[in-house]
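Worksheet: one structure, shown below.
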Amino acid sequence: MKLAHPRFGYRKGLEDLGCGCFAWLQPDGSWGWSNAGLICDGGEALLVDTLFDLNLTRDMLGAMKRASPAAAKKIGTLVNTHHNGDHCYGNCLVQGAEIIASAHAKEEMTREPPALLQGFMKAAPGLGEMGAYLTHCFGAFDFNDIPQALPTTTFTGHMTRHVGSKRVELIEVGPAHTGGDVLVHVPDDRCVYTGDILFIEGHPIMWAGPSSNWIAACEKILALDVETIVPGHGPITDKSGVRAVRDYLVYIRDEAKKRFDAGLSSFEAAIDISLGDYDSWGDAERIAVNVATLYREFGSTEKTPDPAELFGRMALIWKARRK
């Protein structure tokens with residue numbers, strides 16, 4: 001199932017989308033290897049997301065400044081599509097910018113500062129199999145001493161900004177992947193940056209839900225007049241990638257509901273569901289989180305698993321799939 005856009009490659013670095021829009025790509029798109037974007041016009045520049053640590057963000061900003069005189073002059077606006085650290089921990093390096101996010105995303109950022117992941121990674125060596133999994137997910141990144149730079153402007157629903165004469169529409173679609181997901185749409189360039197509403201050729205992870213909101217977010221993208229779609233993770237895609245993510249969410253929801261009705265626990269259901277057409281996608285262990293979130297949506301009386309338990313469940317599935 002190839003979902004990459006036929007016009008663009010998937011290699012690390014800056015991809016020129018044309019018309020002053022760029023994408024920063026980080027293969028293979030797994031845990032922490034997120035994408036970002038740059039929108040330029042009339043000597044002005046807007047950045048879509050920063051990266052997981054300061055070294056990665058510095059490299060990205062350097063490449064953007066070399067490619068765009070507007071970015072070299074000043075990035076005046078930074079939009080964070082949501083609160084996960086791989087989309088905002090580098091914010092402090094975009095000095096002087098107005099930082100925009102949804103109100104819910106800012107609230108979530110205050111609860112998950114860089115120091116939280118720094119603490120997890122220091123504890124990882126003593127956590128057995130879960131520690132090995134955490135190292136697999138996050139061991140390539142440096143979370144030490146990252147100062148948190150929170151949004152300076154928040155909104156709910158919808159916001160319009162201009163970059164030169166280019167209109168940029170910020171559309172809140174969360175809660176879905178997280179509580180405060182935002183799309184960044186550039187209508188004149190038929191381009192949209194989706195944040196983690198789209199994982200292309202990798203399993204999405206539903207931290208917040210409900211699934212209906214995420215499916216509706218996919219439908220909203222499909223209704224836009226767009227040709228170039230930059231996901232939060234994975235290669236640049238077109239509407240075929242959006243349909244694939246929507247269909248995955250529908251499939252997992254329906255399969256989880258069958259097992260919920262049959263009395264299986266959320267973890268039993270996660271192990272039991274066949275991934276079928278999605279088996280080749282990366283990070284298959286995320287189904288443990290997705291099913292736990294869906295069970296909460298279905299009204300399960302199970303105790304809601306905390307993040308440590310969810311990572312423990314994913315570690316078990318990851319270990320089993322490596323055999």
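The values are calculated or read from the model by the stated rules, or taken from the named source; none is laboratory data. Please read these numbers as outputs of a predicted model, since none were measured by experiment. Note that we place each Cβ from the backbone using ideal geometry, even for glycine, and neighbour counts take in every protein chain shown.
A Cβ distance below 6 Å, combined with a sequence gap of six or more or placement on separate chains, defines the contacts here; from region 2-19, residues that are within 16 Å of residue 36 (Cα to Cα) and of a type in the set (Ser, Thr, Tyr) reach residues that are surrounded by 14 or more Cβ atoms within 10 Å (Cβ to Cβ) and modelled with pLDDT of 95 or more in the pairs 10/27; 10/235. Checking the stated criteria, residue 196 turns out not to satisfy the condition of being at pLDDT 95 or above, surrounded by fewer than 21 Cβ atoms within 10 Å (Cβ to Cβ), assigned to a helix (DSSP H, G or I) and among the acidic types (Asp, Glu).
Put simply, of 131, 139, 157, 164 the only residue that is small (Gly, Ala, Ser), over 30 Å from residue 40 (Cβ atoms) and surrounded by fewer than 17 Cβ atoms within 10 Å (Cβ to Cβ) is 139. Restricting attention to region 283-323, the residues that are farther than 16 Å from residue 206 by Cβ, surrounded by fewer than 21 Cβ atoms within 10 Å (Cβ to Cβ) and of a type outside the set (D, E, K, R) total 6.
Let's see how each residue does on (1) surrounded by fewer than 24 Cβ atoms within 10 Å (Cβ to Cβ); (2) touching a Ser or Thr at 6+ places or on another chain (Cβ under 8 Å); (3) over 22 Å from residue 290 (Cβ atoms):
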| site | (1), (2), (3) |
| --- | --- |
| 206 | no, yes, no |
| 224 | yes, no, yes |
| 227 | yes, no, yes |
| 236 | no, yes, yes |
| 243 | yes, no, no |
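Against the criterion of being in contact with an Asp or Glu (Cβ under 8 Å, 6 or more places away or on another chain), buried (at least 21 other Cβ atoms within 10 Å of the Cβ), of a type in the set (Gly, Ala, Ser) and closer than 21 Å to residue 242 by Cβ, residue 30 does not qualify. All told, residue 262 falls short of being without any contact (Cβ under 8 Å) to a residue 60 or more places away in the chain, more than 14 Å from residue 202 (Cα to Cα) and surrounded by 21 or more Cβ atoms within 10 Å (Cβ to Cβ).
The set of residues in region 16-27 that are within 14 Å of residue 238 (Cβ to Cβ) and in contact with a Gly (Cβ under 8 Å, 6 or more places away or on another chain) contains only 23.
Annotation note: of 13, 32, the sole residue that is within 18 Å of the chain's Cα centre (by Cα), over 27 Å from residue 134 (Cβ atoms) and of a type outside the set (A, V, I, L, M, F, W, C) is 13.
Looking only at region 123-138, decide whether some residue is within 19 Å of the chain's Cα centre (by Cα), under 20 Å from residue 24 (Cβ atoms) and at pLDDT 95 or above. Within region 123-138 (the criterion being within 19 Å of the chain's Cα centre (by Cα), under 20 Å from residue 24 (Cβ atoms) and at pLDDT 95 or above), the answer is yes, since at least one residue qualifies.
Residue 160 - would you say it is among the β-branched types (Val, Ile, Thr) and within 18 Å of residue 88 (Cα to Cα)? When the stated conditions are applied, residue 160 does not pass them. Residue check: residue 40 meets all listed conditions (1) of a type outside the set (A, V, I, L, M); (2) at pLDDT 95 or above; (3) not in a strand (DSSP E or B) but one, namely (3).
Within region 269-278, is there a residue that is polar (S, T, N, Q) and surrounded by 13 or more Cβ atoms within 10 Å (Cβ to Cβ)?
From region 269-278, those polar (S, T, N, Q) are 274; that's our starting set.
Then drop every residue that is not surrounded by 13 or more Cβ atoms within 10 Å (Cβ to Cβ), which leaves none.
Checked against the condition, which is being polar (S, T, N, Q) and surrounded by 13 or more Cβ atoms within 10 Å (Cβ to Cβ), region 269-278 yields no hits at all.
Residues that are touching a Leu at 6+ places or on another chain (Cβ under 8 Å) and of a type in the set (A, V, I, L, M) within region 269-314 comprise 284, 287, 288, 289, 292, listed in sequence order. Does region 134-145 contain at least one residue that is out of contact with any strand residue (DSSP E or B) (no Cβ under 8 Å at 6 or more places or on another chain) and among the β-branched types (Val, Ile, Thr)? Yes - at least one qualifying residue is present in region 134-145. One residue stands out among those in region 64-98 that are over 26 Å from residue 209 (Cβ atoms) and β-branched (Val, Ile, Thr): the one that is surrounded by the most Cβ atoms within 10 Å (Cβ to Cβ), which is 75.
Taking the criterion of being at pLDDT 95 or above and surrounded by fewer than 20 Cβ atoms within 10 Å (Cβ to Cβ), the residues of region 142-154 that qualify are 142, 147, 148, 150, 152, 153, 154. Taking region 275-299 as the range and being within 17 Å of residue 209 (Cβ to Cβ) and out of contact with any Ser or Thr (no Cβ under 7 Å at 6 or more places or on another chain) as the test, the residues that pass are 286, 287, 288, 289, 290, 293, 298, 299.
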